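Peer 1: Okay, handing you the structure first.
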Amino acid sequence: MHFPPSESDLPVAEGEEEVDKFIELNPYLIPELDMKVQEIFVSTVNHGRWDISLRQNVDDFNNPYTLIKINDADSKASYINGDVWWRYSNDRHVTEIKNMRINSYDLAATQKAFRQPEAVESKKARFIADVNWQGTPLFFNFKTLSGQVDIKIKDGVFVNENAGAINAFGVLNVDSITRRLKLDFSDLYQEGVAFDIMKAKVDIRNGLMKFKEPLWVDGPSAKFQLSGTTNLVTGELDQKLIVTFPITSSLPLVAVLAGFTPQVAGAIYITEKLIGEELEKFSSASYTLKGNWSQPELKIDQAFDNEVDGQESRGLGDRILDIFGLGDD
């Protein structure tokens, strides 16, 4: 399927507000359909494979809505499925995304396809979104965006060059543990840092994003936790960052190298698993993060601090399971 370009596809000039292209359309007049296409081209851009159903429905309160069900899609280096509810009343449109699952198999390519800087590279990224905004489905905007998003990315790399919003997390670029232990962050904005896992749950209200659970990044060089808010419209930041260095995880190996018996090293390992979170406090520091995406302002707040809003400490049972590799990832 190939759609030629139109004047409405032209980029919005600087200073002009984007116009909702389908504001005059009544979605309840769209006939029901089932559509499967192998490729959708708009001008020269390939939007991939789509399997979509469209139905006219009513909710539990007998209010009408148009259901666009994405049964399966492979677009912008991502597998996509979920529901889009399109409501129309009194000449106003509201779009609701329900349980939308996006699994990116090339996160850098996904960002590029959405004309965003390639801030994070990963072959395993999952996003679950339940959000809504005022406007038609093609008029996504941060100003009226509200809802929740669950993020999980594995085996990734932060790439900082021209990374735009990732500057908000520029503190993730760990180059030297020695410098960090001296609390020297002079090389914060160097390019690239690998991580094993990154996950977060965020709550958004009219473009103001708050971490419902802290952004948590665990990597070979350090661990990071980030709480607070980001204004998705203005880019303003009001956050707290915790940086923790993995001193305790190397204690069993140090014990063996120092000549202790494996039994002693094992005892140290078990102790670290049981009280490691408490020990981490002594290799952590907290920072305040203000400013905006393009010019984040980072200042040290307190040494020996690893507490952030929304953080939940694991119970003894979970820690014991972790000793045997049975805990959650």
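Peer 1: If I ask for residues that are in contact with a strand residue (DSSP E or B) (Cβ under 6 Å, 6 or more places away or on another chain) and among the charged types (D, E, K, R), which ones from the stretch 60-92 would you list?
Peer 2: Listed by number, the residues that qualify are 69, 72, 74, 83, 87.
Peer 1: Same structure again: Take residue 25 and tell me if it is over 24 Å from residue 148 (Cα atoms), part of a loop (DSSP other than H, G, I, E, B) and among the hydrophobic types (A, V, I, L, M, F, W, C). Steps first, please.
Peer 2: Details: over 24 Å from residue 148 (Cα atoms): yes; part of a loop (DSSP other than H, G, I, E, B): yes; among the hydrophobic types (A, V, I, L, M, F, W, C): yes.
Yes; evaluated as a whole, the condition is true for this residue.
Peer 1: Can you tell me which residues in the stretch 32-53 are in contact (Cβ under 8 Å) with a residue 12 or more places away in the chain, part of a loop (DSSP other than H, G, I, E, B) and loosely packed, with under 14 Cβ neighbours inside 10 Å?
Peer 2: At the first step, the residues of the stretch 32-53 found to be in contact (Cβ under 8 Å) with a residue 12 or more places away in the chain are 32-37, 39-43, 47-53.
When the remaining residues are screened for being part of a loop (DSSP other than H, G, I, E, B), the result is 32, 39-40, 43, 47-48.
32, 39, 43 - these are the residues of the stretch 32-53 that are in contact (Cβ under 8 Å) with a residue 12 or more places away in the chain, part of a loop (DSSP other than H, G, I, E, B) and loosely packed, with under 14 Cβ neighbours inside 10 Å.
Peer 1: Among all residue pairs at least 6 apart or on different chains, which show Cβ distances below 6 Å where the first residue, located in the stretch 132-161, is without any contact (Cβ under 8 Å) to a residue 40 or more places away in the chain and the second is β-branched (Val, Ile, Thr)?
Peer 2: Listed pairs, sorted by first residue: 133/95; 133/144; 158/120; 158/193.
Peer 1: Could you tell me which numbered condition residue 114 fails, if it satisfies all but one of (1) at pLDDT below 95; (2) under 23 Å from residue 50 (Cβ atoms); (3) surrounded by fewer than 14 Cβ atoms within 10 Å (Cβ to Cβ); (4) in contact with a strand residue (DSSP E or B) (Cβ under 9 Å, 6 or more places away or on another chain)?
Peer 2: Unmet condition: (4).
Peer 1: Contact list please: Cβ distance under 6 Å, first residue in the stretch 76-97 and closer than 19 Å to residue 28 by Cβ, second residue part of a strand (DSSP E or B) and among the charged types (D, E, K, R), pairs at least six apart or on different chains.
Peer 2: 83/69; 83/98; 85/96; 94/87
Peer 1: Please work out which residue is surrounded by the fewest Cβ atoms within 10 Å (Cβ to Cβ), limiting yourself to the stretch 60-84 and to residues that are of a type in the set (Asp, Glu) and at pLDDT 95 or above.
Peer 2: Of all residues in the stretch 60-84, those of a type in the set (Asp, Glu) come to 60, 72, 74, 83.
Narrowing further to those that are at pLDDT 95 or above: 72, 74, 83.
Numbers: 72: 12, 74: 16, 83: 15.
The residue in question is 72.
Peer 1: Further question on the same structure: Could you look through the stretch 85-95, keep only residues that are surrounded by fewer than 17 Cβ atoms within 10 Å (Cβ to Cβ) and not small (Gly, Ala, Ser), and pick out the one that is farthest from residue 37 (Cα to Cα)? It would help to see each step written out before you state the result.
Peer 2: Kept after step one, since they are surrounded by fewer than 17 Cβ atoms within 10 Å (Cβ to Cβ), are these residues of the stretch 85-95: 89-92, 94.
Imposing the further condition that a residue be not small (Gly, Ala, Ser) reduces the set to 90-92, 94.
Values: 90: 34, 91: 31, 92: 30, 94: 27 Å.
Filtering first and then ranking leaves 90.
Peer 1: Follow-up question, since we're still on this one. Limited to the stretch 72-120, what total is found for residues that are aromatic (Phe, Trp, Tyr) and assigned to a strand (DSSP E or B)?
Peer 2: Residues of the stretch 72-120 that are aromatic (Phe, Trp, Tyr), as a first pass: 79, 85-86, 88, 105, 114.
Still in the list and also assigned to a strand (DSSP E or B): 79, 85-86, 88.
Residues in the stretch 72-120 being aromatic (Phe, Trp, Tyr) and assigned to a strand (DSSP E or B): 4 in total.
Peer 1: For the stretch 172-247, please list each of the strands (runs of 3 or more DSSP E) lying entirely inside it that holds at least 3 residues being aromatic (Phe, Trp, Tyr), closer than 22 Å to residue 297 by Cα and modelled with pLDDT under 75. Explain how you work it out, then say what you get.
Peer 2: Numbers: elements: 193-205, 208-218, 223-231, 237-244.
Result: empty, no element qualifies.
Peer 1: Another question, if that's okay. Would you pick out the residues in the stretch 1-31 that are hydrophobic (A, V, I, L, M, F, W, C), at pLDDT 90 or above and loosely packed, with under 11 Cβ neighbours inside 10 Å?
Peer 2: Of the residues in the stretch 1-31, the ones hydrophobic (A, V, I, L, M, F, W, C) are 1, 3, 10, 12-13, 19, 22-23, 25, 29-30.
From what's left, at pLDDT 90 or above: 22-23, 25, 29-30.
Matches in the stretch 1-31: 29 only.
Peer 1: Can you say whether residue 120 is out of contact with any Ser or Thr (no Cβ under 8 Å at 6 or more places or on another chain) and buried (at least 17 other Cβ atoms within 10 Å of the Cβ), as far as the supplied structure shows? It would help to see each step written out before you state the result.
Peer 2: Numbers: out of contact with any Ser or Thr (no Cβ under 8 Å at 6 or more places or on another chain): yes; buried (at least 17 other Cβ atoms within 10 Å of the Cβ): yes.
Here the answer is yes, as residue 120 does meet what is asked.
The values are calculated or read from the model by the stated rules, or taken from the named source; none is laboratory data. Since this is a predicted model, take the numbers as computed values, not measurements. When we count neighbours, we look across all protein chains shown, and the Cβ atoms used for this are built from the backbone with ideal geometry, even at glycine.
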